[in-house]
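Read the structure below first, then the notes.
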């Protein structure tokens, strides 16, 4: 919308020499935030990847843990679509938090699987036991976070898109 308005005004409004139109306010803030997020999000994901690698000591384990992020992102995109909410800075921050939750849950499950496997339990049974014993903490984390996001998700008033 803003790009279209900029084009129309540039094409139809003649400016005297020395005058310029500068777009500011919320649009300017949004552009600055998007530029920062374009740097911060990949940097944070890389940092988390490196920290996980130092913690887990296996690239394969880190890749398994990170595989949960796309599934979480698909769910978040679906939720935005169902609510009719455009992707915004606050949505991007929510995606970062969601990625963190997905990584944490993946790490909890993988550590439990490894713990059962180290006791000599076959891998398939270790996965089942880990899912049984760690389902409650994983669900508690997810439900707590989801309940915390409810006020932001149902807000429709002025400014709710930047909460």
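The values are calculated or read from the model by the stated rules, or taken from the named source; none is laboratory data. It should be emphasised that the depicted structure is a prediction, and the values quoted were computed from it without experimental measurement. Neighbour counts run over all protein chains shown; Cβ positions are idealised from the backbone, glycine included.
Tally the residues that are at pLDDT 90 or above and exposed (fewer than 10 other Cβ atoms within 10 Å of the Cβ), restricting the search to the stretch 132-161.
Result for the stretch 132-161: 1.
Among the candidates 102, 97, 79, which residue alone is within 17 Å of the chain's Cα centre (by Cα), buried (at least 16 other Cβ atoms within 10 Å of the Cβ) and modelled with pLDDT under 90?
79
Which ones in the stretch 39-61 are farther than 16 Å from residue 96 by Cβ and either in contact with a strand residue (DSSP E or B) (Cβ under 7 Å, 6 or more places away or on another chain) or at pLDDT below 90 (or both)?
55, 56, 57
Would you confirm, using the coordinates I've provided, whether residue 74 is under 21 Å from residue 138 (Cα atoms) and either in contact with a strand residue (DSSP E or B) (Cβ under 6 Å, 6 or more places away or on another chain) or surrounded by fewer than 15 Cβ atoms within 10 Å (Cβ to Cβ) (or both)?
Here the answer is yes, as residue 74 does meet what is asked.
This table checks each residue for (1) farther than 25 Å from residue 43 by Cα; (2) free of Cβ contacts under 8 Å to residues at least 60 places away in the same chain; (3) part of a helix (DSSP H, G or I).
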| residue | (1), (2), (3) |
| --- | --- |
| 81 | yes, yes, yes |
| 86 | no, no, no |
| 95 | no, yes, yes |
| 99 | no, yes, yes |
| 103 | no, yes, yes |
| 117 | yes, yes, yes |
| 133 | yes, yes, yes |
| 137 | yes, yes, yes |
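Which one of these is surrounded by 12 or more Cβ atoms within 10 Å (Cβ to Cβ) and either over 29 Å from residue 112 (Cβ atoms) or in contact with a helix residue (DSSP H, G or I) (Cβ under 6 Å, 6 or more places away or on another chain) (or both): 39, 21, 69?
69
The conditions are (1) more than 20 Å from the chain's Cα centre (by Cα); (2) under 22 Å from residue 112 (Cα atoms); (3) surrounded by 11 or more Cβ atoms within 10 Å (Cβ to Cβ), and residue 60 fails exactly one of them. Which is it?
With respect to (1) more than 20 Å from the chain's Cα centre (by Cα); (2) under 22 Å from residue 112 (Cα atoms); (3) surrounded by 11 or more Cβ atoms within 10 Å (Cβ to Cβ), residue 60 is out only on (3).
Residues of the stretch 41-61 being closer than 20 Å to residue 94 by Cβ and in contact (Cβ under 8 Å) with a residue 40 or more places away in the chain, which ones?
41, 44, 45, 48
Quick check: anything in the stretch 109-131 at pLDDT 85 or above, surrounded by 11 or more Cβ atoms within 10 Å (Cβ to Cβ) and closer than 20 Å to residue 144 by Cα?
Yes, the conditions are met somewhere in the stretch 109-131.
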